[in-house]
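Quick notes on the structure that follows.
The values are calculated or read from the model by the stated rules, or taken from the named source; none is laboratory data. Here the structure is a predicted model, which is why all the values come from computation and not from measurement. Using ideal geometry, Cβ is built from the backbone for each residue, glycine included, and neighbour counts are taken over all protein chains shown. Remember, those area values only see protein heavy atoms, side chains included, never the ligands or the DNA or RNA. Shrake-Rupley method; radii C 1.70, N 1.55, O 1.52, S 1.80 Å.
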Amino acid sequence: MVNTNFTDQPLIPQITEEHESLRKAVREFARKEIMPIAAEHDESGEFPLDTVKKMGAMGLMGIEVDPEYGGAGMDTLAYALTMIEVAKADASHSTIVSVNNSLYCNGISLFGTEAQKRAFLEPVASGEKIGAYSLTEPMSGSDAGTMQSRAVLNAAGTHYVINGRKSWVTSGPVADLILLFTMTEPEKKHKGITAFLIDASKPGFIRGKKEPKLGIRASATSEIVFENYECPVENVLGKPGEGFKIAMAVLDAGRIGIASQALGIAEAAYEAAVQYARERQAFGAPIGQLQMIQQKIADMKTRLEAARLLVYNACAAKERFKVTGERYSTEASMAKLFASEAAMFITDEAVQIHGGMGYSKELPIERYYRDARITRIYEGTSEIQRMVIARNELGLR
Ligand code: CAA
């Protein structure tokens, strides 16, 4: 599906007819169903369950998952194009799509056993249930290997007993199934972290405080708490002690999703700014005729297209990984770093071009600005992306 070039950089995947028809379908759905409710959900912070279910029915909650496990069986570019279109309409919806696809489903697709795929992947990829990914803790964010939560194997060797508090879990208040990372052998530091598949309906799982947020307000985020939660050994994803590597490998895919989300938000802000610059009159002419506005438009467009190329490059690198197993951490981190910084620049300039109207809740411009901010923080801050890129370049990994 993707025309991957294995030797030359940059890798630019081909947009096929299949990609185009997916993009058209998602764009139409987003315009008709998501855009009209975005402002209302931003204001109330209510999780958009109806539209999430409809996206599930369209196959958007497991885009790259094998159809045998309820997915759409498409490629990384299809996922990125979907993320861009959904984020253009509403970033909150795209956050939900992102976690479900690239963090939760991707993790199980890569590391799950047949039984785990049936029980934990199929219901989420098909949109019947909602998935989440839980790595962060109150005292363990960027330094993800320092978590305090614990899982202890019982004497019979049948269950792990999990205790602890996880924070900033996207979809935490609503998730049915969760990919959890917790410490099984603390003395081994990151090599003592294990990945677990958690059924949130079981005793000992408690949903904690919901986070009030600046942006992506309709994507529910919360703490989750484990109090003597019993997880069967069959629900260990990968091997005990492999959790940190699984978390990192999965985040590589997640970062392409967030880069695509940033691109979608930026594209929406850019298009609105261009339209406003054509229409708004000042000093006897449309403001687009003023050189200071033209400079902004030129800089916004250049960053937008550069971000798009890095996102496409990362998509192709992930397709390469599917064939060769070669890591694409650098490509994913470059795409996330650049696209999220570009989204911040573009949404800020869009507010500036709109003046007072950019600051008003009558238009979505201020929401784009607030929503873009998280893309520089979650799934690894811009500082962490720079660390990943530089360490890889310097051979320090
Ligand atoms: N793929 C596979 N393995 C990887 C890897 C990757 N991408 N990155 C690192 N590893 C491996 C390393 O090779 C190393 O293996 P060995 O022990 O065999 O040598 C091991 O993992 C440890 O790697 P590091 O020494 O590089 O680990 P570190 O402690 O220095 O941390 C880090 C590296 C990049 C800073 C990492 O901690 C990190 O990415 N931090 C940010 C965490 C993050 O993004 N959190 C967001 C959580 S999700 C979220 O935002 C909420 C949500 O719901 C969306």
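Cβ under 13 Å from S142's Cβ, S142 left aside: what net charge do those residues give with Lys, Arg +1 and Asp, Glu -1?
Details: positive: R376, R386; negative: E137, D143, E379, E383.
Net of charged neighbours comes to -2.
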Top mean-square fluctuation among A25, A372, A175, Gaussian network model of the chain, C-alpha springs under 10 Å? A25
Looking only at G172, G355, G288, which one moves most when the chain is put into a Gaussian network model with springs between Cα atoms under 10 Å? G355
Can you give me the C-alpha center-to-center distance between segment 61-117 and segment 321-389, rounded to a whole angstrom? 20 Å
What ³J(HN,Hα) values, in whole Hz, does the Karplus curve 6.51 cos²θ - 1.76 cosθ + 1.60 give for segment 121-131 when θ = phi - 60°, with x put for Gly and Pro? 8, 3, x, 8, 5, 7, x, 6, 10, 10, x
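Using the structure shown, select from K296/K322; K24/K209; K88/K117; K245/K336 the pairs with a Cα to Cα distance greater than 28 angstrom. Walk me through the numbers on the way to the answer.
Working: K296/K322 39 Å; K24/K209 38 Å; K88/K117 31 Å; K245/K336 20 Å.
Those over the limit are K296/K322; K24/K209; K88/K117.
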Summing -39500 (n - 2.57) over the DSSP H runs of n ≥ 4 in the chain and dividing by its residue number, what mean residue ellipticity at 222 nm do you reach, to the nearest 500 deg cm²/dmol? -15000 deg cm²/dmol
Can you pull the one-decimal nm distance between simple spin-label points at E271 and R386, each 7 Å off the Cα toward Cβ? 3.3 nm
Hey, got the dipole for segment 99-211? About the Cα centre, +1 on K and R Cβ, -1 on D and E Cβ, debye to the nearest 20? 220 debye
Solvent-accessible heavy-atom area per residue, rounded to whole Å², over the chain at 1.4 Å: 43 Å²
Quick check: residue separation of I377 and E28 times 0.36 nm, minus the Cα distance between them. What number comes out in nm? 122.7 nm
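What area, in nm² and to one decimal, does the C-alpha convex hull of the chain cast on average over all directions?
Numbers: hull surface 78.3 nm².
The directionally averaged projection comes out at 19.6 nm².
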Count neighbours as other Cβ atoms within 10 Å of each site's Cβ, and list the trypsin sites (Lys or Arg not before Pro) in segment 291-374 that are DSSP loop with at most 15 such neighbours. K361
Most mobile listed residue (M357, M74, M147) in the chain, GNM with C-alpha springs under 10 Å: M357
Apply the Karplus parameterisation 6.51 cos²θ - 1.76 cosθ + 1.60, with θ equal to phi minus 60°, to every residue of segment 334-341 and state each ³J(HN,Hα) to the nearest whole Hz, in sequence, with x for glycine and proline. 5, 5, 5, 4, 6, 5, 6, 5
Whether segment 261-308 is rounded, prolate or oblate, judged on the alpha carbon gyration tensor where a/c under 1.5 counts as rounded: oblate
